[in-house]
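Visitor: Structure in structure tokens, see below.
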Amino acid sequence: MKLLFLTRSLDPALQRLVEWVADGLRAGGDEVDLLDAAPWMPMATDKGSDRETTRELQRRAKGYDLVHAWNWRCAWACGSALRNEPWVYSALTRPKTSHPELLDRLCRARMGFCANSVIHKDLDAAFCTPIRHVPLGVPDLPEISREQARETLGIPLEDPVVMAEPETDVLDWVRDAVTSCRDRVPAIRLSLGPDQRSTRIAAANIVLVADRRNGTSALALEAMARGAVPLLRDSNGLEELIDERVSGYRFIEDHEMADTLAAAFQLPLKLESMAGSARAKAADELSLDRTLERYRKVYLDSLR
């Protein structure tokens with residue numbers, strides 16, 4: 001198959017998920033091109049912008065067997081431009097609106113892939129079909145042991161380490177929360193990228209995912225695959241990636257994070273057991289191979 005993956009200024013964390021899927025499909029023999037439509041697809045959806053975007057998307061989609069839209073703006077455009085061609089979309093965030101025009105366009109897709117059951121319920125309640133709950137998975141990653149990672153970063157093996165993404169919009173609060181833990185966990189360290197990102201994940205005991213909008217997370221998935229325990233915000237279905245206190249922790253309010261961190265590090269054997277459970281879940285239920293198998297089936301069905 002020759003596939004066009006259509007994005008528009010995706011959050012870097014979501015872009016990483018799209019690239020994992022594209023690389024996995026290529027490894028299976030499919031041809032996949034990624035196209036960021038931001039230069040020619042404005043966020044505005046007035047009639048004039050819509051007509052120009054429709055013409056440009058029709059031109060760029062020529063020669064492809066199927067187009068896969070990776071956010072709501074791209075799905076909106078596909079619903080207008082590709083009325084007679086097969087296209088699908090992935091819903092990685094909850095829809096901000098249930099406007100009838102959006103729903104009408106989504107219903108023209110051969111399938112909508114929902115990253116979690118919360119997003120699926122939103123679309124199902126709006127009578128948006130066809131849709132399917134297909135969690136995004138993590139590929140097999142190059143092995144980096146915690147010992148190797150900490151040696152690279154110069155972090156003592158016995159120190160408790162929390163890793164967070166530097167671009168998070170709550171970074172100051174994260175720093176304050178980790179600092180407030182020091183009376184209970186004196187040696188706690190906060191590890192921030194963006195340099196040596198995978199090494200920092202592998203070195204961590206806990207990886208903080210404080211995302212307020214996305215319904216899935218490449219950071220959480222990579223953490224689990226590398227044997228770190230994710231601490232997730234209970235929001236927008238993101239918490240479905242883990243089994244609470246088995247393969248990860250979650251928090252609702254910001255102020256809960258410090259107490260959760262301190263409690264986790266005070267039970268080191270439990271934390272290591274959870275790390276093993278997280279790794280096992282990433283290798284099985286949340287493996288990229290499972291995602292690709294379900295995507296490919298829909299792609300092929302759409303072309304018949």
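The values are calculated or read from the model by the stated rules, or taken from the named source; none is laboratory data. Just so you know, these numbers come straight off a predicted model, no measurement behind them. Cβ sites come from the backbone with ideal geometry, for glycine too, and all protein chains shown count toward neighbours.
Visitor: Regarding region 214-228, can at least one residue be identified that is touching a Ser or Thr at 6+ places or on another chain (Cβ under 6 Å), in the same structural domain as Ala164 (by TED's automatic domain parsing) and farther than 30 Å from Lys2 by Cβ?
Guide: No.
Visitor: Among the residues of region 42-54, is any surrounded by fewer than 17 Cβ atoms within 10 Å (Cβ to Cβ) and either under 18 Å from Gly137 (Cα atoms) or among the hydrophobic types (A, V, I, L, M, F, W, C) (or both)?
Guide: Taking every residue of region 42-54 in turn, at least one turns out to be surrounded by fewer than 17 Cβ atoms within 10 Å (Cβ to Cβ) and either under 18 Å from Gly137 (Cα atoms) or among the hydrophobic types (A, V, I, L, M, F, W, C) (or both).
Visitor: From the list Pro156, Pro130, Pro95, which residue is surrounded by fewer than 18 Cβ atoms within 10 Å (Cβ to Cβ), at pLDDT 95 or above and within 24 Å of the chain's Cα centre (by Cα)?
Guide: On the way: Pro156 fails: within 24 Å of the chain's Cα centre (by Cα); Pro95 fails: at pLDDT 95 or above.
When all the criteria are applied, what remains is Pro130.
Visitor: Now a separate question. Do we find a residue being modelled with pLDDT of 95 or more, among the aliphatic types (A, V, I, L, M) and surrounded by 22 or more Cβ atoms within 10 Å (Cβ to Cβ) anywhere in region 26-40?
Guide: Checked region 26-40: no residue is modelled with pLDDT of 95 or more, among the aliphatic types (A, V, I, L, M) and surrounded by 22 or more Cβ atoms within 10 Å (Cβ to Cβ).
Visitor: Can you confirm whether Arg245 is surrounded by 19 or more Cβ atoms within 10 Å (Cβ to Cβ) and of a type in the set (Lys, Arg)?
Guide: Numbers: surrounded by 19 or more Cβ atoms within 10 Å (Cβ to Cβ): no; of a type in the set (Lys, Arg): yes.
It is false that Arg245 is surrounded by 19 or more Cβ atoms within 10 Å (Cβ to Cβ) and of a type in the set (Lys, Arg).
Visitor: Let me ask something else. Looking at region 106-149, which of its residues are under 22 Å from Asn214 (Cα atoms) and charged (D, E, K, R)?
Guide: Lys121, Asp122, Asp124, Arg132
Visitor: Still on this model: Is there any pair with a first residue in region 255-278 that is outside the structural domain of Asn205 (by TED's automatic domain parsing) and in contact (Cβ under 8 Å) with a residue 60 or more places away in the chain and a second that is surrounded by 14 or more Cβ atoms within 10 Å (Cβ to Cβ) and of a type outside the set (S, T, N, Q) whose Cβ atoms are under 7 Å apart and which are 6 or more apart or on different chains, and what are they?
Guide: Listed pairs, sorted by first residue: none to list.
Visitor: Among what's in region 12-25 and is among the aliphatic types (A, V, I, L, M) and at pLDDT 95 or above, pick the residue that is surrounded by the most Cβ atoms within 10 Å (Cβ to Cβ).
Guide: The qualifying residue surrounded by the most Cβ atoms within 10 Å (Cβ to Cβ) is Leu17.
Visitor: When the residues of region 118-134 are filtered to those that are out of contact with any Cys (no Cβ under 6 Å at 6 or more places or on another chain) and outside any loop (DSSP other than H, G, I, E, B), which remaining residue is farthest from Glu85 (Cα to Cα)?
Guide: Val118
Visitor: Which helices (runs of 4 or more DSSP H) sit wholly inside region 1-117 and have at least 3 residues that are under 30 Å from Glu165 (Cα atoms)?
Guide: Once the helices (runs of 4 or more DSSP H) in region 1-117 are filtered for at least 3 residues that are under 30 Å from Glu165 (Cα atoms), what remains is 12-27, 72-81.
Visitor: Residue by residue through region 141-188, note down the ones that are polar (S, T, N, Q) and closer than 17 Å to Glu256 by Cβ. Steps first, please.
Guide: Of all residues in region 141-188, those polar (S, T, N, Q) come to 145, 148, 152, 168, 179-180.
Result: Thr168, Thr179, Ser180.
Visitor: Restricting to region 102-122, give me the number of residues that are out of contact with any strand residue (DSSP E or B) (no Cβ under 9 Å at 6 or more places or on another chain) and either surrounded by 19 or more Cβ atoms within 10 Å (Cβ to Cβ) or acidic (Asp, Glu) (or both). Quick ask: steps written out before the conclusion?
Guide: At the first step, the residues of region 102-122 found to be out of contact with any strand residue (DSSP E or B) (no Cβ under 9 Å at 6 or more places or on another chain) are 102-105, 107, 118.
Okay, now just the ones that are also either surrounded by 19 or more Cβ atoms within 10 Å (Cβ to Cβ) or acidic (Asp, Glu) (or both), so 102, 104-105.
Adding up the residues that qualify gives 3.
Residue by residue, here is whether (1) among the hydrophobic types (A, V, I, L, M, F, W, C); (2) under 19 Å from Leu238 (Cβ atoms) holds:
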| position | (1), (2) |
| --- | --- |
| Ser145 | no, no |
| Ala203 | yes, no |
| Leu208 | yes, yes |
| Gly215 | no, yes |
| Leu219 | yes, yes |
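Visitor: For region 161-174, does any single residue satisfy the condition of being surrounded by fewer than 24 Cβ atoms within 10 Å (Cβ to Cβ), closer than 26 Å to Leu269 by Cα and not hydrophobic (A, V, I, L, M, F, W, C)?
Guide: Within region 161-174, one or more residues are surrounded by fewer than 24 Cβ atoms within 10 Å (Cβ to Cβ), closer than 26 Å to Leu269 by Cα and not hydrophobic (A, V, I, L, M, F, W, C).
Visitor: Next question, about the same structure. Checking Arg184 against (1) part of a loop (DSSP other than H, G, I, E, B); (2) of a type in the set (Lys, Arg); (3) out of contact with any helix residue (DSSP H, G or I) (no Cβ under 6 Å at 6 or more places or on another chain): exactly one of these is not met. Which one?
Guide: (3)
Visitor: I'd like the full set of residues that are under 20 Å from the mean Cα position of the chain (by Cα) and either among the acidic types (Asp, Glu) or more than 16 Å from Leu6 (Cβ to Cβ) (or both), limited to region 20-56.
Guide: Scanning region 20-56 gives Trp20, Asp23, Gly24, Arg26, Asp33, Asp36.
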